[in-house]
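Worksheet: the structure to be examined is printed underneath.
Any read-out appearing in this document is the output of simple, stated calculations on the displayed coordinates, not a laboratory observation. In this text, all values refer to a predicted model and were calculated from it rather than measured experimentally. Cβ coordinates were reconstructed from backbone atoms using ideal geometry, including for glycine residues, and neighbour counts include every protein chain displayed.
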Amino acid sequence: MPEKRYYATGKRKTAVARVWIKQGPGNYIINGRTLDEYFPLEELKLTVSKPFMLTDNIGKFDVVANIYGGGIPAQAWALGHGIAKALLEYNVNLRAPLKKQGLITRDPRAKERKKYGKKGARASFQFSKR
């Protein structure tokens, strides 16, 4: 019988991570590359593995993910969000530590659109009284 896989989608800004986790030695495959190849910065690796650290599951799950959109840091946050949601699919009792650190909630912050008649989202053109 094939091993059970747990799926979730993580998002941050315009980055979307489709994440599958299954029990294994703790390997990461992200867009066909390893974790070290895809996220060279230690800070980003920490962001990705934070859900496993909080739930004491480091090295217990293999992660396969497809990520697209956004920049590298936003993709790392999206992957962490997806892993946290997939862990909830695996065990609902892990919700408390993940929620306390804010890993279940999707971060709603995004770039505000430019408005017509303005220079940017809020910045106006220089005003001259005379």
Segment 13-27: number of residues that are assigned to a strand (DSSP E or B) and closer than 17 Å to His81 by Cα: 8
Subset of segment 28-51 (residues that are out of contact with any helix residue (DSSP H, G or I) (no Cβ under 7 Å at 6 or more places or on another chain) and either of a type in the set (A, V, I, L, M, F, W, C) or not in a strand (DSSP E or B) (or both)): Ile29, Gly32, Thr34, Asp36, Glu37, Tyr38, Pro40, Leu41, Glu42, Glu43, Leu46, Ser49
Residue match in segment 71-79 (condition: surrounded by fewer than 19 Cβ atoms within 10 Å (Cβ to Cβ) and either over 10 Å from the mean Cα position of the chain (by Cα) or farther than 30 Å from Ala123 by Cβ (or both)): yes
Test for Lys85: is it within 20 Å of Ala15 (Cβ to Cβ) and either charged (D, E, K, R) or part of a loop (DSSP other than H, G, I, E, B) (or both): yes
Selected residue [free of Cβ contacts under 8 Å to residues at least 60 places away in the same chain, of a type outside the set (Phe, Trp, Tyr), more than 21 Å from Asn27 (Cα to Cα) and not in a helix (DSSP H, G or I)] from Ala65, Ala110, Ala96, Ala123: Ala123
Residue ID - surrounded by the most Cβ atoms within 10 Å (Cβ to Cβ), chosen from residues in segment 46-70 that are within 12 Å of the chain's Cα centre (by Cα) and under 13 Å from Thr9 (Cα atoms): Ala65
